[in-house]
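Everything below concerns the one structure shown next.
The values are calculated or read from the model by the stated rules, or taken from the named source; none is laboratory data. For clarity, every value in this text was computed on a predicted model and none was experimentally measured. As a convention, Cβ positions derive from the backbone with ideal geometry for all residues, glycine included, and neighbour counts pool all protein chains shown.
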Amino acid sequence: MIQHETIDEYLSGRVMLESKGITLSAIVLDGKPGIRKLFLDIPVQMCHFHQKQIIQRYLTSSPKLEAGIELRKILTTLCTTDAKTFTRKLNSWHKKWDKFLKERTSNPSAGFWYYTHRGVRSAYRSLKTNLPYLFTYKNYPDLNIPNTTNSLDGCFGHLKPKLKIHRGLNSKLKRKIIEYILQN
């Protein structure tokens, strides 16, 4: 049973699947840092839902700054556009707001500075970093890669109440229960 998602858990999951003869043809990830490097040999798709959630954390659901409003508007086209168009819009946005993103606020008494518009900067950086993985599903149409992990969300929710009935079980016994339920 996994308490926390870690790189080691993903690695052991992959090793376990492959040891059972399962070949991974692609993976859809939620953006957890460091996981991509475990799957360099297969196509990686960044989940659109999780990408939108990341941006919403940085910009909020109703940004006040014009740059944030415009960036959020570009994000709304993510699921309905192609890589070339999305990249063009994102690059155009960055060119327009580059000076704004570089604005700094200094604290002379403490002797340091920080970027004034950290949320907007972080939202842009997240999109720019994940851009190579946002349209993988369109690059490999024969693999039928989903653009989101939503088909998995809720699939295992029925297991939690069944485990709660058996309070006090150690991890080994909980794992046995889960394996039994999934196999039957």
### Message
Looking at the range 64-85 only, could you name the residues that are over 18 Å from residue 98 (Cβ atoms) and part of a loop (DSSP other than H, G, I, E, B)?
### Response
64, 76, 77, 81, 82
### Task
Please go through the range 144-175 and pick out each residue that is assigned to a helix (DSSP H, G or I) and either basic (Lys, Arg) or at pLDDT 95 or above (or both).
160, 162, 164, 172, 174, 175
### Residue that is farthest from residue 176 (Cα to Cα), among those in the range 6-45 that are surrounded by 12 or more Cβ atoms within 10 Å (Cβ to Cβ) and among the charged types (D, E, K, R)
36
### Query
Could you say whether any residue in the range 111-120 is basic (Lys, Arg) and within 19 Å of residue 76 (Cβ to Cβ)?
no
### Query
Does any residue in the range 20-40 that is assigned by TED's automatic domain parsing to the domain that holds residue 146 and farther than 15 Å from residue 126 by Cβ come within less than 7 Å, Cβ to Cβ, of a residue that is basic (Lys, Arg) and surrounded by 15 or more Cβ atoms within 10 Å (Cβ to Cβ) six or more places away or on a different chain, and which pairs are these?
24/14; 38/14
### Message
Suppose we keep only residues that are in contact with a strand residue (DSSP E or B) (Cβ under 8 Å, 6 or more places away or on another chain) and either among the aromatic types (Phe, Trp, Tyr) or modelled with pLDDT of 95 or more (or both) within the range 46-101. Which one would you say is surrounded by the most Cβ atoms within 10 Å (Cβ to Cβ)?
### Response
46
